[in-house]
Amino acid sequence: MATLLSRLLAAGAFALAALGLCAHASAAPEKHPKAEDVLKAKSKAKPKAKAKKAAAAGAAAAAVAAPAFTAEDEAEPDITDTIVTEYSCELGNKITIYTNAKDEGHIALRWKKRLHRLNRVGTTTGALRFENPFWGLIWIGIPAKGILLDSKLNRQLANECKNAEQAAAVASAATAQKNG
């Protein structure tokens, strides 16, 4: 099956190359002013058509690669009966995480006055990773800090996010260094 497909693709590429050479050779000798205008118009139209085809192919590839969204990814989660953890981040950002002991596969994260539901994603490093593909949010929690990322814009939204327990550990380590 693979050899048949590769032969078919090779034959198609050869045919297109031959067609391109024939079209170029037949168009070259003409020097008529009106013919030159037609050729210029055709050459301007070709990049637009190629750009449209490339955009359509890119959109099709993105549709195939894009994760499926659920209504829960878009909707605000219910935070009743949850444990609330406040995080203070650099640049004055604040994040609140709501966890439920009965459901360790999800968290609710408040960022910029909006509540988002994030789904847990397994990691090999032991870090806590939660994602919401609809909004593009990724929360990564490690013992020292937390980081909020925007996967759609490929940038950090908040870094050095620490809850009260993490901040106290950093403060006690700094005090121990001064005294030691």
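The values are calculated or read from the model by the stated rules, or taken from the named source; none is laboratory data. Note that the structure is predicted; figures quoted are calculated from it, not measured. Quick reminder, even Gly has a Cβ in these numbers, built from the backbone with ideal geometry, and neighbours come from all protein chains shown. We work out accessible area using only protein heavy atoms, side chains counted, and drop any ligands, DNA or RNA first. Shrake-Rupley method; radii C 1.70, N 1.55, O 1.52, S 1.80 Å.
Numbers for the structure displayed
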item	result
Among (1) open to solvent by 70 Å² or more (accessible area, probe 1.4 Å); (2) at negative phi; (3) assigned to a loop (DSSP other than H, G, I, E, B) - the single one residue 123 does not satisfy	(1)
Residue 177 part of a helix (DSSP H, G or I) and open to solvent by less than 40 Å² (accessible area, probe 1.4 Å)	no
Lone unmet requirement of (1) among the charged types (D, E, K, R); (2) touching a Lys or Arg at 6+ places or on another chain (Cβ under 8 Å); (3) modelled with pLDDT of 95 or more for residue 150	(2)
Which numbered condition residue 161 fails, given (1) in contact with a His (Cβ under 6 Å, 6 or more places away or on another chain); (2) open to solvent by less than 30 Å² (accessible area, probe 1.4 Å)	(1)
The range 156-167 residues that are free of Cβ contacts under 8 Å to residues at least 40 places away in the same chain, paired with ones that are in a strand (DSSP E or B) and not acidic (Asp, Glu) (beta carbon under 8 Å, 6 or more apart)	156/147; 156/148; 156/149
Residue list for the range 86-98, filter: surrounded by fewer than 17 Cβ atoms within 10 Å (Cβ to Cβ) and not in a loop (DSSP other than H, G, I, E, B)	86, 88, 90, 91, 92, 94, 96
Among (1) open to solvent by 50 Å² or more (accessible area, probe 1.4 Å); (2) out of contact with any helix residue (DSSP H, G or I) (no Cβ under 6 Å at 6 or more places or on another chain), the one test that residue 134 misses	(2)
Candidate set from the range 154-172 (those that are at pLDDT below 95 and among the aliphatic types (A, V, I, L, M)); member that is nearest to residue 104 (Cα to Cα)	164
Hits in the range 75-97 - residues which are under 24 Å from the mean Cα position of the chain (by Cα) and more than 20 Å from residue 144 (Cβ to Cβ)	75, 76, 77
Residue 68, sole failed condition from (1) at pLDDT 95 or above; (2) open to solvent by 50 Å² or more (accessible area, probe 1.4 Å); (3) under 19 Å from the mean Cα position of the chain (by Cα); (4) not charged (D, E, K, R)	(1)
Selected residue (criterion: most open to solvent (accessible area, probe 1.4 Å)) from residues of the range 107-120 that are of a type outside the set (Lys, Arg) and more than 18 Å from residue 92 (Cβ to Cβ)	119
Output for the range 137-158, where each listed residue is over 15 Å from residue 87 (Cα atoms), among the charged types (D, E, K, R) and either open to solvent by 60 Å² or more (accessible area, probe 1.4 Å) or part of a loop (DSSP other than H, G, I, E, B) (or both)	152, 155
